[in-house]
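Below is one structure, written out as structure tokens; the observations come after it.
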Amino acid sequence: MKSINTLKLIAVCIILTRATAAFSSGNHTGGHAHAEESIGNAGDAAKVSRTVTVDMSDAMRFTPSSITVKQGETIRLIAKNSGAIKHEMVLGSEKELKEHNEVMKKNPEMEHADANMMTVAPGKTAEIIWQFTKAGKVNFACLQPGHYDAGMKGIVTVRDGSMPSAEVKKQAPTVAEPGAMTEGEIRKVDMDNKKITIKHGEIKNLDMPGMTMVFQVKDDAMLNRVKAGDKVRFTAEKMGGAMVVTDIQAAK
Ligand SMILES: [Cu+2]
């Protein structure tokens, strides 16, 4: 009897997958893949850049319910069930989650264990490693019957990290927009090695937080224009793996 039930559930899942394939242009190659192409894929533990813990409660909420990652980033997602009933966290497009939610209502005891989801018993934690490959939104939800409808859902915003630097590359290096300039303070000018050490704020186009860093200079003449202690505004770019100051001026 048990195996017949299991077969029924598998059949439902196959039907769901087929139906999804018929309505979308995505590559559903069968099985229970849930269009992993569009929401990302199971990630490599060695490439994890951050751990994000999401709490799941019987109030039918994920906390946080909004997560921001960079495109290409691999995240260790930990789901912590602080409630007294079973919850799950399933990644997917909103459409897929809604469809899957309907199937779950009809088959409440259905257990699945795809790479894009985790089912967590009360008081337990589970984790998946996920790489978010496509910029945009990835939804997540608890598909335990009634939970999604009660609002147990959230969104991962996947930022296109390649955009700002691509934008900068299109411009002539020395004609950067004023808004793209970074504030900094010169710590050291190394004439011999033609390098400048700058304590700087966030460099948006390099996706780099504020720190003190040694830069090469695009034009040696820049070395004569500044000295240690000067407050400056500058632009920097990555060229052949090196950080290069492409423009520098005294801050007003
Ligand atoms: Cu739930």
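Give, rounded to the nearest 20 debye, the magnitude of the charge dipole that the stretch 55-171 has about its Cα centre when Lys and Arg contribute +1 at Cβ and Asp and Glu contribute -1 at Cβ.
Values: 16 positive and 15 negative charges, 85 e Å.
The calculation lands at about 400 debye.
Take the cross-link list K98/K137; K47/K98; K47/K238; K47/K194 and give me the ones stretching past 27 Å between alpha-carbons. Please list the in-between numbers first.
On the way: K98/K137 15 Å; K47/K98 31 Å; K47/K238 22 Å; K47/K194 34 Å.
Listed pairs above 27 Å: K47/K98; K47/K194.
In whole Hz, what ³J(HN,Hα) sequence does the stretch 181-187 give by Karplus (6.51, -1.76, 1.60; θ = phi - 60°), x for Gly and Pro?
Result, ordered by residue: 7, 10, 7, x, 10, 6, 9 Hz.
At a 1.4 Å probe radius, carbon and sulfur cover how many percent of the accessible area of the stretch 35-159? Before the final figure, lay out the partial values.
Working: 2840 of 5520 Å².
The C+S portion of the solvent-accessible surface of the stretch 35-159 is 51 percent.
How large is the translational diffusion coefficient of the stretch 88-135 in µm² per second when you combine the Kirkwood radius over alpha carbon pairs with Stokes-Einstein at 20 °C and 1.002 mPa s? It would help to have the intermediate numbers written out before the result.
Numbers: Rh = 12.2 Å.
It diffuses with D of about 176 µm²/s by this estimate.
Accessible area per residue for the stretch 35-159 in Å², computed with a 1.4 Å probe and the full protein assembly in place, what is it? Intermediate results must be reported in sequence, preceding the final value.
Numbers: 5520 Å² over 125 residues.
Solvent-accessible surface per residue comes out at 44 Å².
The values are calculated or read from the model by the stated rules, or taken from the named source; none is laboratory data. Please read these numbers as outputs of a predicted model, since none were measured by experiment. Every residue, glycine among them, receives a Cβ derived from its backbone with ideal geometry; neighbour counts consider all protein chains shown. Ligands, DNA and RNA are stripped out before the accessible areas are found, and what is left, the full protein with its side chains, is counted by its heavy atoms. Shrake-Rupley method; radii C 1.70, N 1.55, O 1.52, S 1.80 Å.
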